[in-house]
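Trainee: What follows is a structure written as structure tokens; I'll ask about it next.
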Protein chains: 2
Amino acid sequence: MVAQAAKDTHASSSPLDRLAKMLDSDMQAVNAAILDHMQSNVPMIPKLAAYLIAAGGKRIRPLLTLACTRLYDTKTSRPFALAASVEFIHTATLLHDDVVDGSEERRGKKAANLVFGNDASVLVGDFLFSRAFQLMVADGSLDVLRILSDASAIISQGEVMQLTTAGNIATSMEEYEEIIKAKTAALFASACEIGPVIAGADKSAASAMCEYGLNLGMAFQIVDDILDYNADHDKLGKTLGDDFREGKMTAPVILALAEATNEERDFWQRTLAEKKQEDGDFVQACAILKRHGAIEKGLKLAQSYAEKARLALSEAPDGRLRSLLDELVSFTVERSH
Amino acid sequence: MVAQAAKDTHASSSPLDRLAKMLDSDMQAVNAAILDHMQSNVPMIPKLAAYLIAAGGKRIRPLLTLACTRLYDTKTSRPFALAASVEFIHTATLLHDDVVDGSEERRGKKAANLVFGNDASVLVGDFLFSRAFQLMVADGSLDVLRILSDASAIISQGEVMQLTTAGNIATSMEEYEEIIKAKTAALFASACEIGPVIAGADKSAASAMCEYGLNLGMAFQIVDDILDYNADHDKLGKTLGDDFREGKMTAPVILALAEATNEERDFWQRTLAEKKQEDGDFVQACAILKRHGAIEKGLKLAQSYAEKARLALSEAPDGRLRSLLDELVSFTVERSH
């Protein structure tokens, strides 16, 4: 926390850092709730959870819950446990994702499944997921429970959809957007939507924040998928080319496939569908994406979602908080450069 | 359903069958709720869920929810969706268990993870778990949500505990009982407890049914663990000796270890702790259990829980339903013979 706060004083700090700084004491309460509620008398649970959670991560989702509550209520302490709940749902999906994907790195560290085993990752994910619901039940809002249980069901459906389209080079952009809406944007949307709900604001506020989060989440995931082909490893905190190796059908590839020559189509068929990958294939994949301007096209799509997010945000009360949430949208897209 | 009903007319039918028959139309509504709510527009989800759920299984947990509601309210339709919710939580844990254990068989069929892959089993488990909470939220009782979210958190803690004690031949009976209380008895307890809650009965009824379910669940799991060393494969519907192969520390082994000779201790150390198993080891394990009367001792323990279950049940309204729930306790223990 201290190290983070120190970083925030840099002139080059991101809107995410500035948001965290503006809501610093609130975020400390959220972090305390996270650490407190991941405890269990089964030592492996806090150990594994701490490996992933206490290791940092951007905490963007709980920060969104907090910010979207504070737009409408400057006092209530209800978002602390509920923001922790959102982070637990996210962490549970990360743990399960890494098992499903056979990931090797997460947040710049060896993936938890490689350190503690797939077994423990599955079960601790289940624990965090259950704990998230316990926290919501303790808060007592059926609206929040509805929003987050719906999001959880949607996330898992998105993950299954992603699993079943992997390696299918006929996947359309429409299908891709449906998948990322479910697996990523739904939780961003819910994290934001519960803010006004917690604050007791009216339904239109909740629905505007839901729209903001949904579109921010879409932009975020599209950029994430672009970064997998177009980032510094150190910046990314995970292995570059993971999606390629797993045969995931993401925006850059689908956009490049739309204009593929026969030879290129054969390349994607071999590497993604048949998963017969050789040394140099990832470099070639990046070259094909470049040839068709697939990165730029993907960014344009991300920009269009970013604009929708900004538009939805304009319905929130004006002020520094709203400005930072607006800047966060631009930052989300620009981090790819 | 029809085949099941036909079976029920046999004189030798179990109390479970007779309970299902007595509550036949209610159980049909529960089964309809299960089939209805496991649908999704992602085809893999109902496919995998159907493989496990529609394949049968005893549905003992939803039946308990139904029966414990009907003891106090003969009309309400609320238990249908909530019993489905209980079955979904159970199914989700089965799917994740089979991934964790690397199971080969479940309910007499190839385990789902072997047919659909570990990935799909993890994710569809997550979906069913989320769907369970959606059903509870739609019902709207925070008490039910509290009971079942608590149970879910306890179950995952029990599973992690089991994982971390596997192969540890110093595991005590106390630790074993703590594990099965968490991983099995907690959901039996909750399945029963929500009955009176749904029916709007008083707190003492809910607490009596919770006690009934908890102790029934303890007896059930102890007998299950005994059967793994002492059953016909066909009766069991899963591979005999699974626990032995996985190095699980269950009642029969712990009871035999308490009186082990040095040679026997070396045997358990090699087979369970070091997992260096050879042909004939399982037969020898069974012989050692026999030598120390470990099966009988385990059954005695199960009997003591069965008696507590019966005692708790005696607080429920008298009648045929209570009698069948009482017989179910005896049946749970006797199925091992």
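Every read-out reported here was derived from the displayed coordinates using simple, explicitly stated rules and does not represent laboratory data. Remember, it's a predicted structure, so these values are computed and weren't measured experimentally. For neighbour counting, all protein chains shown are included, and Cβ atoms are generated from backbone atoms with ideal geometry for every residue, glycine included.
Trainee: What average count of beta carbons from other chains do you get within 10 Å of the Cβ of residues in A:39-47?
Mentor: Numbers: counts 0, 6, 3, 12, 3, 5, 6, 0, 0.
Mean shielding count: 4.
Trainee: Using only alpha carbon pairs under 8 Å that are at least six residues apart, calculate the relative contact order of chain A and give it in whole percent.
Mentor: Working: 480 pairs, mean separation 64.1, N = 337.
Reported relative contact order: 19 percent.
Trainee: Testing the spin-label approximation: label points 7 Å from Cα along Cα→Cβ at A:GLU307 and B:SER314. State their distance in nm.
Mentor: It works out to 7.6 nm between the two label points.
Trainee: Next question, about the same structure. Within the stretch A:30-188, how many Lys pairs that are eight or more residues apart, or on different chains, come under 23 Å at the alpha-carbon?
Mentor: Counting lysine pairs in the stretch A:30-188 gives 9.
Trainee: Take chain A, mark every one of the GluC sites (Glu not before Pro) that falls in a DSSP loop and has at most 16 other Cβ within 10 Å, then report the longest stretch left between them, sites excluded.
Mentor: In short, A:105-258.
Trainee: Rounded to the nearest 20 Debye, what is the dipole magnitude of chain B about its Cα centre when Lys and Arg each give +1 and Asp and Glu each give -1 at the C-beta?
Mentor: My answer is approximately 800 debye.
Trainee: Quick one: pull the percentage of alpha-carbon pairs in the protein assembly as shown with a separation above 42 Å.
Mentor: On the way: 68400 of 226801 pairs.
Value for the protein assembly as shown (Cα pairs over 42 Å): 30 percent.
Trainee: Where a Cα-Cα gap under 17 Å defines reach, which lysines qualify for A:LYS290, not counting those fewer than 8 residues away within the same chain?
Mentor: List returned: A:LYS300.
Trainee: Let me ask you something else. Report the gain in length on full extension from A:GLU334 to A:GLN28: 0.36 nm times residue separation, minus Cα-Cα distance, nm rounded to one decimal.
Mentor: 107.4 nm
Trainee: Can you give the average number of partner chain beta-carbon atoms within 10 Å of each beta-carbon in peptide B:133-141, as a whole number?
Mentor: For this peptide, the per-residue mean of nearby foreign Cβ atoms is 5.
Trainee: Now a separate question. Need one number: nm distance between label points at B:SER13 and B:LYS203, each 7 Å from Cα along Cα→Cβ, rounded to one decimal.
Mentor: The answer from the label model is 3.9 nm.
Trainee: Something else now. If you take the beta carbon distance between A:GLU278 and A:MET173 as r and set R0 to 30 Å, what does 1/(1 + (r/R0)^6) give as a FRET efficiency, to the nearest 0.05?
Mentor: It comes to 0.60.
Trainee: Helix-only mean residue ellipticity at 222 nm, the protein assembly as shown, DSSP H runs n ≥ 4 weighted -39,500 (n - 2.57), per residue, nearest 500. What is it?
Mentor: -22500 deg cm²/dmol
Trainee: Okay, next question. Enter the mean number of other protein chain beta carbons within 10 Å of the beta carbon of each residue in B:143-155, as an integer.
Mentor: For this peptide, the per-residue mean of nearby foreign Cβ atoms is 5.
Trainee: The stretch B:241-337: which trypsin sites (Lys or Arg not before Pro) are DSSP loop and have at most 12 other beta-carbon atoms within 10 angstrom? Numbers along the way, then the final one.
Mentor: On the way: sites: B:ARG245, B:LYS248, B:ARG265, B:ARG270, B:LYS275, B:LYS276, B:LYS290, B:ARG291, B:LYS297, B:LYS300, B:LYS308, B:ARG310, B:ARG320, B:ARG322, B:ARG335; in loops: B:LYS248, B:LYS275, B:LYS276, B:ARG335.
Answer in residue order: B:LYS275, B:LYS276.
Trainee: Something else: Using DSSP to define loop residues, name the trypsin sites (Lys or Arg not before Pro) in the stretch B:49-152 whose beta-carbon has at most 10 other beta-carbon atoms within 10 Å.
Mentor: Qualifying residues, ordered by number: B:LYS75.
Trainee: Stick to the Cα atoms of chain A, pair each with every other, and give me the Kirkwood hydrodynamic radius in Å at one decimal.
Mentor: Computed over chain A, the radius equals 20.4 Å.
Trainee: Also, quick follow-up: Round to a whole angstrom and tell me the spacing of the C-alpha centers of the stretch B:249-299 and the stretch A:29-91.
Mentor: The stretch B:249-299 and the stretch A:29-91 have Cα centres spaced 45 Å from each other.
Trainee: Who wins for biggest fluctuation among B:LEU214, B:LEU255, B:LEU95 in a Gaussian network model of chain B, springs between alpha carbons below 10 Å?
Mentor: Taking springs between Cα atoms under 10 Å, the residue moving most is B:LEU255.
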